[in-house]
Amino acid sequence: MASLLEVRHLKKYFQTPSGTLHAVDDVNFAIESGETLGVVGESGCGKSTLGRTIVHLLAPTSGQIIFDGKDISSPSKKELKQLRKEMQMVFQDPFSSLNPRMTVKSIIQEAMEIHKLYGGDRRRQEQEVFKLMDTVGLAKRLADSYPHELDGGRRQRIGIARALALEPRFIVCDEPVSALDVSVQAQILNLMQDLQEEKDLTYIFITHDLSVVKHISDNICVMYLGKIVEQCSTDKLFEKQYHPYAQALLSAIPIPKVGIQRKRILLKGEITSPIDPKPCCRFVARCPHAISLCSEEEPKLLEVEEGRFVACHLQKIGRAVELTVPDADVVIINQ
Amino acid sequence: MANKHFLEIKDLSIHYKTDSGLVKAVNNLSLNLDKGESLGLVGETGAGKTTTALGIMNLIPDPPGIIASGEIFLEGENILMLNRQEMRKLRGNKISMVFQDPMTSLNPVMSVGKQIAESIQIHEKLSKVEAEKRAVDVLEMVGIPGERFNEYPHQFSGGMRQRVVIAIALACKPDLLIADEPTTALDVTIQAQVLDLISNLKREQNTSMILITHDLGVVAEVCEKVAIMYAGELVEYGTLDDIYNHTKHPYSIGLFASIPNIYSEEKRLTLIPGLMPDPTDLPEGCSFCSRCNRAVEQCKVHNPALVETDPGHFVRCIHYEEGGAL
């Protein structure tokens, strides 16, 4: 089966006063129809920029985006408008991504009007809005409410209904649950899974929360400073990680259980600057395993076993499939 | 009078008077904390966690806030009876607080070193030079090189700023540290560093701590006791083992089930339906009853008491009350 979306050598750079910021730097992946790809990483790793570039809220610096067999890397205005019917986005902050002066109904209906759906018949559109509200679990009586009258969970449901209004096949979800409380987060996650099944949607799910990403994704990309460092199926990643950053990231997840003991890799320092990065491994300054090659050459993303891609020199030289971390960087956590 | 515990909160109620009615933020909350012990205060937005913390610090904004009832004993002394001057002596010295947002809780026009030295100078009779020397030591204790003494908050990253905030809180070696979501704004690898730092410092200085968080994973790592709050009330309270392995209250059970867990294989999360009740309009009976899967008719009218089901394990639910609807 052909992939629904394919991204090839995608780059997005920003010019800043202090140099070129490499937000997304040579990213490649493909998503099959009906699948969820999780993109995880910490703030500043370029995950949101990646999502926004794919749906053309930002124009890529270079590289190709192929959607349903067509190259959509530099669409014309008309093509872009068509594209909006195919791909939509759900934003992180349900407080700032909704127009405070529009009612719930008009927020959801706006896109239908712009695209003259249902023959431009406003009454038909209205019916569809009510249907959508029902689908995402918003009571009909809220149609004339304004966003500020509603809680975060309901607002995020509006954001989802708005994304669904044009019946897209593909949705980029940028941290859709990170502003929500856990019990509401569970409601939204379940809703998104139901919708995916019902409407055969394809998701890119961007998040920093590894427990959420494990729950919802089929495949995962781990990003660090604009690069994918490890990419494989969710099951494989949580079973074992090959990239030292992925290992540290997964070991840092707090687990709500007691009576277990586990090892945590404590990384030194913080994420380095994405402005004019040196041509070397971007993780080298914090990596507990770095060898001299790491500061000389940039590692490529290579398939180290079937379906698992890792960008690390240690893999290439055949060392350390099982990386052992120096004791100084490990804390034992007794819960 | 002789109190057994280092910190004892008795029957604390805090209300806010607003135009839309009386917000009952904290209702009849009682807690104990011993020296060197850590308590995780867990709950969702609006559960009253931060208000409880501000109550202990005696920092409830008045108006609109009022402490409607209750007593807070710190080493046997009711700190709610202290006047402003006495309370200021206590704050930052005996009790310190780490606020959630490291971006807004530092003074942007004052170097971080001076901000640390400030609190030392206020509470201890030290010269400026001595206080600044202490401040450098404290900076290094939290893992920031002393040379950065003269830098300003904007020159630090989020994780580093949170370290500065922790340094200020620990500068006078407080007996009680209240940390309000200290790692929520941070990335997981940075969160791991900060949690490691807090646990080590706590162990070295035998500080008692109240950690406010919505993250049950963080609590499991750092705390010995857990209190779960819902709509301004404690619904369950006990040791880590009590709460995590012998969860009793339907809300706590629901909370655990709704967290995606990297160890579980479940494809769907279990939900708690609905939302927390409006704190201006709390129901007469149990505040959780409209969302509870074990609710019985009585729950609507009867607000259960906090009952000790096992030694040290308290639950507020009709099903655990004596003669309750088991």
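Taking the condition touching an Asp or Glu at 6+ places or on another chain (Cβ under 9 Å) and farther than 22 Å from A:Ser33 by Cα, does A:Gly120 pass? It is true that A:Gly120 is touching an Asp or Glu at 6+ places or on another chain (Cβ under 9 Å) and farther than 22 Å from A:Ser33 by Cα.
Since B:Val307 meets every condition but one in (1) among the β-branched types (Val, Ile, Thr); (2) crowded, with 21+ Cβ neighbours inside 10 Å; (3) more than 12 Å from chain A (Cβ to nearest Cβ), which condition does it not meet? B:Val307 satisfies all of (1) among the β-branched types (Val, Ile, Thr); (2) crowded, with 21+ Cβ neighbours inside 10 Å; (3) more than 12 Å from chain A (Cβ to nearest Cβ) except (2). Of everything in segment B:228-284 that is of a type in the set (Gly, Ala, Ser) and at pLDDT 85 or above, the residue that is surrounded by the most Cβ atoms within 10 Å (Cβ to Cβ) is B:Gly232. Considering segment B:14-52, and only residues there that are surrounded by fewer than 18 Cβ atoms within 10 Å (Cβ to Cβ) and not in a loop (DSSP other than H, G, I, E, B), the residue that is farthest from the other protein chains (Cβ to nearest Cβ) turns out to be B:Ser30. Between B:Asp175, B:Asp187, which is closer than 30 Å to B:Asp215 by Cα and modelled with pLDDT under 85? Going through B:Asp175, B:Asp187 in turn, the sole match is B:Asp187. Restricting to segment B:16-34, and then to whatever is of a type outside the set (Asp, Glu) and free of Cβ contacts under 8 Å to residues at least 60 places away in the same chain, can you tell me which residue is farthest from B:Pro61 (Cα to Cα)? Residue satisfying both the conditions and the ranking: B:Asn32. Going residue by residue through segment A:132-141, is there one that turns out to be assigned by TED's automatic domain parsing to the domain that holds A:Cys173, touching a helix residue (DSSP H, G or I) at 6+ places or on another chain (Cβ under 8 Å), of a type in the set (Gly, Ala, Ser) and free of Cβ contacts under 8 Å to residues at least 40 places away in the same chain? Scanning segment A:132-141 turns up at least one residue that is assigned by TED's automatic domain parsing to the domain that holds A:Cys173, touching a helix residue (DSSP H, G or I) at 6+ places or on another chain (Cβ under 8 Å), of a type in the set (Gly, Ala, Ser) and free of Cβ contacts under 8 Å to residues at least 40 places away in the same chain.
Restricted to helices (runs of 4 or more DSSP H) entirely inside segment A:87-187, those with at least 1 residues that are among the acidic types (Asp, Glu) and more than 14 Å from chain B (Cβ to nearest Cβ) are A:104-114, A:122-135.
Scanning segment B:274-284 for residues that are more than 8 Å from chain A (Cβ to nearest Cβ), over 14 Å from B:Met229 (Cα atoms) and not hydroxyl-bearing (Ser, Thr, Tyr) turns up B:Gly274, B:Asp278, B:Asp281, B:Leu282, B:Pro283, B:Glu284. Of the strands (runs of 3 or more DSSP E) that lie entirely inside segment A:1-71, those containing 3 or more residues that are among the aliphatic types (A, V, I, L, M) and in contact (Cβ under 8 Å) with a residue 12 or more places away in the chain span A:5-16, A:19-31, A:36-40.
Within segment B:242-272, being among the hydroxyl-bearing types (Ser, Thr, Tyr), touching a residue at least 12 places away in the same chain (Cβ under 8 Å) and not in a helix (DSSP H, G or I) holds for one residue alone: B:Thr270. Tell me, which residue of segment A:1-24 that is farther than 30 Å from A:Gly69 by Cα and of a type in the set (Gly, Ala, Ser) is surrounded by the fewest Cβ atoms within 10 Å (Cβ to Cβ)? If we take residues in segment A:1-24 being farther than 30 Å from A:Gly69 by Cα and of a type in the set (Gly, Ala, Ser), then A:Ser18 is surrounded by the fewest Cβ atoms within 10 Å (Cβ to Cβ). The requirement of being within 19 Å of B:Gly55 (Cα to Cα), touching a His at 6+ places or on another chain (Cβ under 8 Å) and more than 9 Å from every other protein chain (Cβ to nearest Cβ) is satisfied by B:Ile228. Taking segment B:231-262 as the range and being under 27 Å from A:Arg264 (Cα atoms) and either within 7 Å of chain A (Cβ to nearest Cβ) or among the acidic types (Asp, Glu) (or both) as the test, the residues that pass are B:Leu240, B:Asp241, B:Asp242, B:Tyr244, B:Asn245, B:Leu255, B:Phe256, B:Ser258, B:Ile259, B:Pro260, B:Asn261, B:Ile262. When A:Lys199 is tested against (1) of a type in the set (Lys, Arg); (2) crowded, with 24+ Cβ neighbours inside 10 Å; (3) more than 13 Å from every other protein chain (Cβ to nearest Cβ), just one condition goes unmet, and that condition is (2).
The values are calculated or read from the model by the stated rules, or taken from the named source; none is laboratory data. These numbers come from a predicted model, not from an experiment. Ideal geometry is used to build each Cβ from the backbone, glycine not excepted, and the neighbour counts take in all protein chains shown.
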